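Everything below concerns the one structure shown next.
The values are calculated or read from the model by the stated rules, or taken from the named source; none is laboratory data. Bear in mind the structure is a predicted one, so any value in this text is a computation, not a measurement. Every residue, glycine as well, gets a Cβ built from its backbone with ideal geometry; the counts of neighbours run over all protein chains shown. Note: accessible area is taken over every heavy atom of the protein model, side chains too, but ligands, DNA and RNA are not part of it. Shrake-Rupley method; radii C 1.70, N 1.55, O 1.52, S 1.80 Å.
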Amino acid sequence: MDTEITKTRPNRFRALRFPPSSSSQPALPDAPSDDDRLYRRAALLIALVAVAARFWMAWVTHSTAEDFLITLRYAENLAGGHGFAYNPGERVLGTTTPLYTLLLALAAWLRFDAALVGKACSILADGLTCYLLARLLARREIRQPVAGLFAALLYALSSTPVNISIGGMETALVTCAGLAAIHAYVAGRRRVLCVLGAVLFLLRIDGLLLFALLVLPLAVRQRRWPWRDLTLGLALALPWLIFAQAYFGSPIPTSLIAKLTVYSHNFATSRAVIQDAFARQFLVGGVQITLTALFLAGAAAIIRQRDPRLGPPLLWLTLYYGAMFVSHVPPFPWYFLPPWPLVLGIAGLGAGKIAGWAGRGLSETARLPLRRLAPFALAAYGMFGVAHLRALRADIARTQAVEDSLRVPMGLWLGQQAGPRERILLEPIGYVGYYSRRPILDMIGLVSPEVFPSYDRPDFLADIVRRFRPAWLCLRPREAALLRRQAPGLLEAEYRYVREFHATARPPDFLRFHRLKP
């Protein structure tokens, strides 16, 4: 990519150069050129490819994420008149995404298929993320449109974004809103940024960190504190804050407290597990290593130039992944996703920077054929990515088959065998809770904060069983063995073994115990 800038013809492939801006309002955009219109159409095409690929994948695999069913149960209970609750009658904010829950509840109340609506919203959000990513790098402050198209195409056809969006979780919406907020920050649009800050907060509370890291430097850059726009954002979030404080006692999700409480005690994830997850995300395989190297090159250029526009997003990305790395919470794949478009974008900038260095000694005539190769390279990668979807479909279908053959039957069986008021103690509450429609005692505490005090004891699982005496225990073999070690004789004295469930062959995945009636 060309890094020279001529006076007669602006070069869209120039390296990063961000002129300082002291204006309180963004400058008027230049009239779009023919090339820019072409890049817009290409970005839109990539977004459509992303949406089509995800709808097809969702159709053939009917993939549904475990955690999505927790939010869906909240939404259906709310729509059915049972309150904003996982277990009817228990006012516990166990979902981290109130706005998404309300959207699903509205769909269920209108007699739509709430699960289908949620998955469609996530898929469309991913398409918009691809478009925003391509347009972010094509902005006149950055001028790396080809790199933006490559980054968008990579996000459109990568395994993790596809897998997470079709599962129905709110992660795709959070990712899209976060990238839109970065877009608004780069463009200097205060009001849009503040509105998106409220949306981020209502989608997931940790989005406040990104908003804070964007609005503060924007105020410094524009030399004006956006009080009116902040008031608008607060007005959008205030109704939920008032309701959550009155209904739940706090707007902070219990699920967030559970992860910080439980995983920092007895369920603390080992350093080796966390390091392995980060290695698989960034350092395993040629593609990941190349992306990481390009990202480091782009990040170095941002830091060296003290870039006022991409510096704060880079800081957020560093803090986000840094918190994941030092915490004791398992680094699930969807946790990596919200900053991932920014990783790809900065990697695209790094590629543009390297291409600029490589092309410094070439004449304009020599550079022209290289530029003409970009559409063919995009098409080739697109075909490779589409071909990869077949293998991805097999992986997702295999995972979903386990859920269909194990946790769905578990939930349906308990719905038939357990009484309407009999509580079930288990850890994976999504499928079992949704399909059983029975009261759940969550071992981790996502929807059952009453278990938190037990985690101050070495015999936490036995203490939970003694304190609450759940009618049913649904335990993995290792959890049953742990209970027997913590309280010898308790399981055999107070419960009878009922049956076991298998995903495939032996050994069993879950054991069922029913409490002996006094």
Breaking point among (1) in contact with a helix residue (DSSP H, G or I) (Cβ under 9 Å, 6 or more places away or on another chain); (2) without any contact (Cβ under 8 Å) to a residue 24 or more places away in the chain; (3) surrounded by fewer than 19 Cβ atoms within 10 Å (Cβ to Cβ), for Gly89: (1)
Val498, sole failed condition from (1) surrounded by fewer than 18 Cβ atoms within 10 Å (Cβ to Cβ); (2) part of a strand (DSSP E or B); (3) out of contact with any His (no Cβ under 9 Å at 6 or more places or on another chain): (3)
Of all residues making up region 184-201, the number that are surrounded by fewer than 22 Cβ atoms within 10 Å (Cβ to Cβ) and either in a loop (DSSP other than H, G, I, E, B) or touching a Phe, Trp or Tyr at 6+ places or on another chain (Cβ under 8 Å) (or both): 2
Which listed residue, of Ala172, Ala272, Ala212, Ala181, is part of a helix (DSSP H, G or I), free of Cβ contacts under 8 Å to residues at least 60 places away in the same chain and crowded, with 16+ Cβ neighbours inside 10 Å: Ala181
Near pairs, Cβ below 6 angstrom, 6+ apart or cross-chain, from region 446-458 (without any contact (Cβ under 8 Å) to a residue 40 or more places away in the chain) to any residue that is part of a helix (DSSP H, G or I) and among the charged types (D, E, K, R): Ser454/Asp463; Arg457/Asp463
Residue in region 59-84 that is nearest to Asp113 (Cα to Cα), counting only those that are part of a helix (DSSP H, G or I) and open to solvent by 20 Å² or more (accessible area, probe 1.4 Å): Glu76
Test: residue in region 276-291 that is of a type in the set (Ser, Thr, Tyr), open to solvent by 30 Å² or more (accessible area, probe 1.4 Å) and under 24 Å from His388 (Cα atoms): yes
Residue tally, condition open to solvent by less than 10 Å² (accessible area, probe 1.4 Å), under 30 Å from Pro449 (Cα atoms) and assigned to a loop (DSSP other than H, G, I, E, B), over region 95-146: 2
Residue satisfying all of: in region 373-426; of a type in the set (Asp, Glu) and touching a Phe, Trp or Tyr at 6+ places or on another chain (Cβ under 9 Å); least open to solvent (accessible area, probe 1.4 Å) among these: Glu403
Residue in region 428-451 that is open to solvent by 10 Å² or more (accessible area, probe 1.4 Å), assigned to a helix (DSSP H, G or I), at pLDDT 90 or above and more than 17 Å from Glu66 (Cβ to Cβ) present: yes
Selection count, region 215-231, where residues are polar (S, T, N, Q), open to solvent by less than 30 Å² (accessible area, probe 1.4 Å) and within 23 Å of Pro251 (Cα to Cα): 0
Looking only at region 147-156, and only at residues there that are among the aliphatic types (A, V, I, L, M) and surrounded by 24 or more Cβ atoms within 10 Å (Cβ to Cβ), the one that is nearest to Thr399 (Cα to Cα): Ala156
Those residues of region 306-322 which are out of contact with any helix residue (DSSP H, G or I) (no Cβ under 9 Å at 6 or more places or on another chain) and open to solvent by less than 70 Å² (accessible area, probe 1.4 Å), in sequence order: Gly322
Residue within region 136-146 that is at pLDDT 95 or above and closer than 25 Å to Phe376 by Cβ present: no
Close pairs from region 466-492: first at negative phi, partner of a type in the set (Asp, Glu) and open to solvent by 20 Å² or more (accessible area, probe 1.4 Å), Cβ under 6 Å, at least 6 apart: Ala471/Glu422; Gln486/Asp459
Residue match in region 473-492 (condition: of a type in the set (S, T, N, Q) and within 30 Å of the chain's Cα centre (by Cα)): no
